[in-house]
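No value in this document is a laboratory result; all are computed from the given coordinates. Everything quoted here is computed from the prediction, not taken from an experiment. Virtual Cβ from ideal backbone geometry, glycine too; neighbours counted across all protein chains shown.
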Amino acid sequence: MSEAGQEQKDAPAATENRRPTGLSAKLLFLTILFVMIAEVLIYVPSIANFRETWLKERVAAAQIASLALEAAPDLVVSADLAGELLTNAGVLAVVLERDSARKLILQSAMPPQIDDRYDLRQIMALRSLYDTFQTLAAPPGRVISVVDTAQHGAGERIEIILEETPLKAAMFRFSVNVLSLSLSIAVITAILVYLTLNWLMVRPIGRLTRSMMHFCEKPEDASRVIAPSSRQDEIGRAEAELATMQHQLRAMLQQKAHLAALGLAVSKINHDLRNMLAHAQLMSDRLRSVRDPAVQRLVPKLVGALDRAIELCSN
């Protein structure tokens with residue numbers, strides 16, 4: 001088998017081997033990738049907002065707990081009650097400032113050393129994002145202080161001291177939920193986009209490709225010309241143009257075949273004519289030896305005509 005024939009035989013196999021990394025697989029991969037990128041862009045501000053909301057809820061719960069001091073004699077409650085109030089609020093200590101001087105302090109014991117401080121009264125976007133990822137990357141067991149404005153006129157400023165571990169755990173749970181939701185959305189969206197694009201684009205393009213490969217195997221066969229669909233979009237126009245090109249190519253090949261057949265016939269006629277002229281030339285040479293005056297007068301004209309005919313066939 002020739003090398004050209006072997007290459008034509010191996011071409012379909014090579015095409016089959018490339019199918020897993022074809023247009024469909026690329027569309028599926030890119031769809032999942034872009035959806036995940038969009039989810040990451042949504043996740044970053046979402047986790048920052050979750051952290052801020054979680055801390056504000058702790059501040060609100062601590063403010064409610066500190067109101068128990070208002071009804072207590074001398075603004076002091078028992079250690080057991082203070083511990084219960086702080087446990088329900090999820091903090092270690094509360095400091096509520098009123099009138100820039102008066103402070104209500106609720107704590108069950110001496111709070112541990114504070115590792116970091118956060119002020120929720122002036123929140124900037126970049127600072128909030130930095131604090132969020134700092135919380136996620138912080139070592140376990142940290143104690144933080146959070147300052148915010150007291151709500152509903154209960155005071156001017158409230159500060160709470162709490163352990164950061166519950167906040168980190170809540171943020172990680174939120175992240176897992178967002179990741180699970182993102183993966184679900186990415187997979188569902190990718191499948192829908194994949195099926196839609198596969199139906200609208202990939203399958204028609206594959207039909208065009210198969211038609212071209214099928215036509216290349218035997219372009220003289222009219223049954224291998226693609227039949228354009230009724231689509232009015234770019235795919236439909238591509239099918240129509242491909243059909244036109246295949247018809248034109250078939251016409252050119254047919255014309256070429258006709259010209260080749262005509263040339264072969266002319267060549268055969270020329271060969272036969274030259275053989276007959278050669279035989280006639282031999283006969284004219286014999287006529288020259290005839291002594292008849294009438295024959296001698298005709299021989300030069302006959303030889304001249306034969307020479308012109310032989311020259312014409314040679315050209």
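Assorted remarks:
- For Arg142, residues with placed amide H under 5 Å, excluding near neighbours: Glu164, Thr165
- For Phe215, net neighbour charge (Lys/Arg +1, Asp/Glu -1) across residues whose Cβ lies under 13 Å away: +1
- Here the spin labels are modelled as points 7 Å beyond Cα on the Cα-Cβ line, and at Glu311 and Gln255 they lie 3.5 nm apart.
- Here the extension length gained between Ser267 and Arg127 equals 41.2 nm, from 0.36 nm per residue of separation less the Cα-Cα distance.
- Taken one residue at a time, the phi angles of region 113-125 give Karplus couplings (6.51, -1.76, 1.60, θ = phi - 60°) of 5, 7, 8, 7, 10, 10, 10, 8, 6, 10, 9, 9, 4 Hz. Gly and Pro are set to x.
- In this structure, the amide hydrogen of Tyr118, modeled 1.01 Å from its nitrogen in the peptide plane, lies closer than 5 angstrom to those of Ser145, Val146, Val147, counting only residues at least 5 positions away or on a different chain.
- Helix-derived mean residue ellipticity, 222 nm - over the chain, DSSP H n ≥ 4, -39500 (n - 2.57), to 500: -23500 deg cm²/dmol
- Other-chain or far-sequence residues with amide H under 5 Å of Lys103's (modelled H): Arg98
- The gain in end-to-end length when the Asp115 to Phe34 segment is fully stretched comes to 25.3 nm, 0.36 nm per residue minus the alpha carbon separation.
- For the chain, built as a Gaussian network whose Cα springs stay under 10 Å, the top-fluctuating residue of Leu181, Leu30, Leu264: Leu264
- Note on the chain: Lys pairs 8 or more places apart or on different chains, Cα atoms under 28 Å apart, count 8.
- Per-pair calculated FRET efficiency, R0 = 30 Å: Asn49 and Gln107 via Cβ, rounded to 0.05: 0.50
- Size descriptors for the chain (Cα atoms only): Rg and Dmax, in that order, 48.1, 168 Å.
- On the beta carbon distance between Asn275 and Glu220, with R0 = 35 Å, the FRET formula returns roughly 0.55.
- In order through region 129-135: 3J(HN,Hα) via Karplus (6.51 cos²θ - 1.76 cosθ + 1.60), integer Hz, x for Gly, Pro: 5, 5, 5, 5, 6, 5, 5
- Phi-based couplings in Hz for region 79-86 (Karplus 6.51, -1.76, 1.60; Gly and Pro marked x): 5, 5, 5, 4, x, 5, 5, 5
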